[in-house]
1. Might you check whether a residue that is touching a Phe, Trp or Tyr at 6+ places or on another chain (Cβ under 6 Å), assigned to a strand (DSSP E or B) and of a type in the set (V, I, T) occurs anywhere in the range 86-96?
2. Would the range 95-105 turn up any residue that is out of contact with any Cys (no Cβ under 7 Å at 6 or more places or on another chain), modelled with pLDDT under 90 and over 30 Å from M1 (Cβ atoms)?
3. Would it be correct to say that Y53 is of a type outside the set (A, V, I, L, M), at negative phi, at pLDDT below 85 and more than 14 Å from the chain's Cα centre (by Cα)?
4. Under 7 Å by Cβ, and 6 or more places apart or on different chains, what pairs join a residue from the range 47-74 that is within 18 Å of I142 (Cα to Cα) and part of a helix (DSSP H, G or I) with one that is of a type in the set (K, R) and at pLDDT below 85?
5. Assess whether E68 counts as being of a type in the set (D, E, K, R) and in contact with a strand residue (DSSP E or B) (Cβ under 6 Å, 6 or more places away or on another chain).
6. Any chance you could count how many residues in the range 100-132 are more than 22 Å from E74 (Cβ to Cβ), outside any loop (DSSP other than H, G, I, E, B) and among the aliphatic types (A, V, I, L, M)?
7. Condition first: within 20 Å of F114 (Cβ to Cβ), within 19 Å of the chain's Cα centre (by Cα) and part of a loop (DSSP other than H, G, I, E, B). Now tell me which residues in the range 176-192 satisfy that.
8. Which of (1) closer than 18 Å to S69 by Cβ; (2) surrounded by fewer than 18 Cβ atoms within 10 Å (Cβ to Cβ) is the odd one out, the single condition I87 does not satisfy?
Amino acid sequence: MIIEIVTEWRLRELEKHRKLRDEGFIEVTDLMRCPLKREFEVRYPDLYRASAYTPATILGSLVHIGLESILSNELNAEIEVRGEKTIGEHRIFGKIDAKVGKVGIEIKTSRADFEIPYEHHILQAKIYNWLFDLDKTILVYITPDRVTEFIVDERVDEDEILKMIVDKTTPKYDWECRYCHFSLLCPSRKKK
């Protein structure tokens, strides 16, 4: 019963993201990942929804819900804060896990703590600093081996965002294909 509740919650979140994409928004996460993934999520919605049922996704969702609740209660943090900016014809949308004044908090789970903070998470924090006009974003990592924080106080600018929008490199990172539900049908799959 709990699994059904969590997966239904996750499916509702995925549906919200799909609607925003249909309205022409570019999500922050889309700027940092393989552009084919967004295309495949639209083309193969059943595979996209299937990602809600993986143990890693369920664990990540539960950690987010729990820590967001604590941050809300203990720090009076705003939770799941949505933001958007427009650059020319591009509408950028993002949702940061928590915000306390001019400080963002982004919760990350990982199977291991090897090489954290990850490059794409640092980039995400820099984009959130720009999107929400933050002084810094704290990346909070929860792994089986430790709980730790990293502070990111840099931000991207509009030119960097525009470069990310037009960058069609597939995949953006060599490791992406190992974790992608669409790798079985992707012509750009890397076998590293």
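The values are calculated or read from the model by the stated rules, or taken from the named source; none is laboratory data. Predicted model only: the values in this text are computed from it and were never measured. Please note: Cβ atoms are built from the backbone with ideal geometry, for glycine as well, and neighbour counts cover all protein chains shown.
1. Yes: the range 86-96 contains one or more residues that are touching a Phe, Trp or Tyr at 6+ places or on another chain (Cβ under 6 Å), assigned to a strand (DSSP E or B) and of a type in the set (V, I, T).
2. Of all residues in the range 95-105, those out of contact with any Cys (no Cβ under 7 Å at 6 or more places or on another chain) come to 95-105.
Imposing the further condition that a residue be modelled with pLDDT under 90 reduces the set to none.
No - not one qualifying residue is present in the range 95-105.
3. On the way: of a type outside the set (A, V, I, L, M): yes; at negative phi: yes; at pLDDT below 85: yes; more than 14 Å from the chain's Cα centre (by Cα): yes.
The answer is yes for Y53.
4. Sorted first by the residue in the range 47-74, then by its partner, the pairs are T57/R10; S61/R10.
5. Values: of a type in the set (D, E, K, R): yes; in contact with a strand residue (DSSP E or B) (Cβ under 6 Å, 6 or more places away or on another chain): yes.
So E68 passes the test.
6. 4
7. In the first step, residues of the range 176-192 are kept if they are within 20 Å of F114 (Cβ to Cβ); the result is 176-180, 190, 192.
Keeping just the survivors that are within 19 Å of the chain's Cα centre (by Cα) gives 176-180.
Matches in the range 176-192: C180 only.
8. (1)
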